[in-house]
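One structure is given here, and the rest of the page talks about it.
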Amino acid sequence: VNARVQVVADFEALQRLAAERRWGDGLPIIPPTEERVAAMLDGADPDRSVGAIPPGYGEATLEVLAANAVMAGCQPKALPVLVAAVEAMLEPQFNLAGVQATTHPVAPLLVVHGPVAAEMGVNGGSGVLGPGVAANATLGRAVRLVLMNVGLARPGEGDLSTHGGPAKFSYCMTENMAESPWPEYHTTAGLEPSDSAVTVIGLEAPHNVQDHQSTTGARFANILADAMRELGHNGWAISRGNDFAVLLGPEHAQMLAADGWSREDLQRFLYHRSCRRVGEVMEAGNWTGREWPVWMNALAENPENLVPAVRRPEEIRVFVTGGPGKHSAVVPGFGGSAAVTRRIS
Amino acid sequence: VAMLTTTAFEPLARMQMHALGDESLDLIVIAHPLGGITQAMLEQRCGEAVPQGLAWFEGEARRRQG
């Protein structure tokens, strides 16, 4: 993984070599010349290791991370963000080995917080998770390239996802703080609004929740909860970290806030309203293999009891993001991975 | 130590054995999948695993006896 390979200075030749050696995501890569990698490192120690990336356990030195950031098309100041993201993914509760190798379509969503998001031009407005903004596209892609090139998570080898998914190309956003009624997400992890930070969360692709009719927060929150209750997501069975993300469009968030709701109120409401009867959950796809805490197994003794889609309200990670429109999204997690927030140093 | 895997996960198991420097680890490989199969198919999987497991136990015992 860390070997230097000399390549003739020819763009097309590099792309052919990358395809032969399965470097990258299938899209053309920016040649990681020594000059570009040095500019990305900006004086940082190239040999400093952030850790080994499973399942191939390649060593993520700063030089290797910088090379992948260059290949992804990142601007030089992206490296500290990428380093923080990799450090966060290597925290044990994130379970990167599981996220990488599972048959589930999980991908790490990278959320950039604080001043660095604006400095880098990360989009938190219209089309936040779509194409068109270089910072989102290249930062998310850099994370994926590290997972593939250093962790060897290649389809059918180190990444056994049955279908994969578009989120595995690039999955990066920030919150729309100009329109959000609430403090930025990283303050819920004990950081200051002035801190720059990243959060990584193992998630599926977003599922849209449209609501053009509600005029009260409670009516809208019920619709959100309904979208969290479907039986197919992993969380009904697995509870080693069971994150759900809720991406609130600013108009929906402002409607909630106008009715007096805080982020924590919404988390508690969704925790209760996303419950299903045990008898229904028994029909879910991994009932016999479920890994529930003792209190949920006690509830399971009566099919009429209600059990929640997540184990704690805090596992519902609420972000205000996106542009104008009456749309929000719920995003189920992997079930075996917990979100990590890390300050950017 | 031996590791049990299905055929679909065998390449991943071998990659990790190589990456973690333990390519001598014994693998017990059974047919994929394990989830969503009938009792009869499950018994078939057991039928695949048991002889391999016994062979591993016997080999391990011989190794330990020198």
Antiparallel content of DSSP bridges confined to the protein assembly as shown, in %, to 5: 65 percent
Cβ charges +1 (Lys, Arg) and -1 (Asp, Glu), total dipole of region A:184-304, debye: 260 debye
Listed residues A:V330, A:V278, A:A245: farthest to the positive end of the dipole of chain A (Cβ charges): A:V278
Burial ranking of peptide ranges A:7-15, A:216-224 (average Cβ count within 10 Å, highest at the top): A:216-224, A:7-15
Inter-centroid distance (Cα atoms) of region A:1-53 relative to region A:229-306, Å: 42 Å
Label-to-label distance, nm, for residues given as A:S126 and A:W295 (7 Å Cα→Cβ offset): 4.5 nm
Cα centre as origin, Lys/Arg/Asp/Glu Cβ charges: region A:292-345 dipole, Debye: 420 debye
Shielding of A:218-230 by partner chains, average beta-carbon count, 10 Å: 0
Relative contact order (%) - criterion: Cα under 8 Å, at least six apart; region: region A:1-130: 19 percent
Options A:P46, A:W261, B:A31, ranked by Cα towards positive dipole end of the protein assembly as shown, top entry (Cβ charges): B:A31
For A:T103, A:T341, A:T187, order by how many other beta-carbon atoms lie within 10 Å, fewest first: A:T103, A:T187, A:T341
Protection-proxy order for peptides B:48-54, A:47-53, each taking the mean of Cβ atoms within 10 Å per residue, highest first: A:47-53, B:48-54
Neighbourhood net charge (12 Å Cβ-Cβ; Lys/Arg +1, Asp/Glu -1) for A:G164: 0
Sequence-distant residues sharing a close amide H with A:V340 (under 5 Å, placed H): A:V200
Spin-label zone in region A:105-131 - amide nitrogen under 17 Å from a point set 7 Å from the Cα of A:H163 along the C-beta vector: A:105-108
Cβ-placed point charges (K, R +1; D, E -1), dipole of chain A about Cα centre in debye, nearest 20: 420 debye
Label zone at B:H18 (point 7 Å along Cα-to-Cβ), backbone N below 11 Å, region A:155-196: A:158
FRET efficiency, B:I37 to A:L306 (Cβ-Cβ, R0 41 Å, nearest 0.05): 0.85
Formal net charge of residues neighbouring A:W295 (Cβ-Cβ distance under 12 Å; K, R +1; D, E -1): +1
R0 of 30 Å, Cβ-Cβ distance B:E58-A:E59: FRET efficiency to nearest 0.05: 0.20
Modelled FRET efficiency - R0 60 Å, B:I28 with A:R268, Cβ distances, 0.05 increments: 0.80
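Every read-out reported here was derived from the displayed coordinates using simple, explicitly stated rules and does not represent laboratory data. Bear in mind that the values here come from a model prediction, so they are computed numbers and not experimental data. Positions of Cβ are generated from backbone atoms using ideal geometry, with glycine treated the same way; all protein chains shown enter the neighbour counts.
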